Amino acid sequence: MHSLDQRITQFENMTRADPENDMAHFSLGNAYAQAGRFADAAASFKRCLELNPDMSKAYQLAGEALINSDRDDEAVQILDAGYRVAAAAGDLMPRNAIAELLRRIGREPPRLPDQASPPDAEPGPGRSFVCRCTGRPGTRLPDPPMRGPVGRWIYENISAETWRDWLAQGTKVINELSLDLSREADQKTYDQHMCEYLGLDDELHRRLLARG
């Protein structure tokens, strides 16, 4: 894995090369947050939301970064909007995480009288697989997308829809960073971006590899 400073530099270069790439700003926000640069993280997540206002996870992480920057009033605005977006999209995990963040600062999530399903509703018949990345019901991949423990984790936790979204984003990563996946260092860079996107953090990644 590349160092955090290296990843921040890579993501900063990506956002400069393609300022309209919402996932580049999202990944940069994640890296800033891991480095404790919460004000910078909030700015990156907010830029991501300007480009993609339907990304419920970005509302959650923007709100968390604002709370960690002692900007609770601004966080409430972002989190309230994100709660509505996540509820409308059926993104259960981000919605519930947003509710927890609001309660952490003494607020309640907004009431949604027109919400079609109760807050803790489970996906209906035929949609029982829930993507760990988005919290959204989806389709299970037919097989692990790669060999080894990471491939098995993706198969067990990531929907086919989210995996397709990553493949599109991964193509941008390869092109913008001029990666040659036949080189070990470039493959590691690609894998790091994939893990960031799918929510596979460094600690879990290490445990999976150790487990084999």
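The values are calculated or read from the model by the stated rules, or taken from the named source; none is laboratory data. Bear in mind that the values here come from a model prediction, so they are computed numbers and not experimental data. Because the Cβ atoms are built from the backbone with ideal geometry, glycine has one as well, and the counts that use them run over all protein chains shown.
Can you name every one of the helices (runs of 4 or more DSSP H) wholly within region 1-119 that holds 2 or more residues which are touching a residue at least 60 places away in the same chain (Cβ under 8 Å) and under 15 Å from the mean Cα position of the chain (by Cα)?
Values: elements: 4-17, 22-34, 38-51, 56-68, 72-89, 92-104.
Counting at least 2 such residues, we get 22-34, 56-68.
Can you report the number of residues in region 103-136 which are modelled with pLDDT of 70 or more and touching a Pro at 6+ places or on another chain (Cβ under 6 Å)?
2
Looking at 38, 26, which is the one that is aromatic (Phe, Trp, Tyr), closer than 29 Å to residue 206 by Cβ and crowded, with 21+ Cβ neighbours inside 10 Å?
From the options 38, 26, the qualifying one is 26.
Residue 88 passes all but one of (1) at pLDDT 95 or above; (2) surrounded by fewer than 24 Cβ atoms within 10 Å (Cβ to Cβ); which number fails?
(1)
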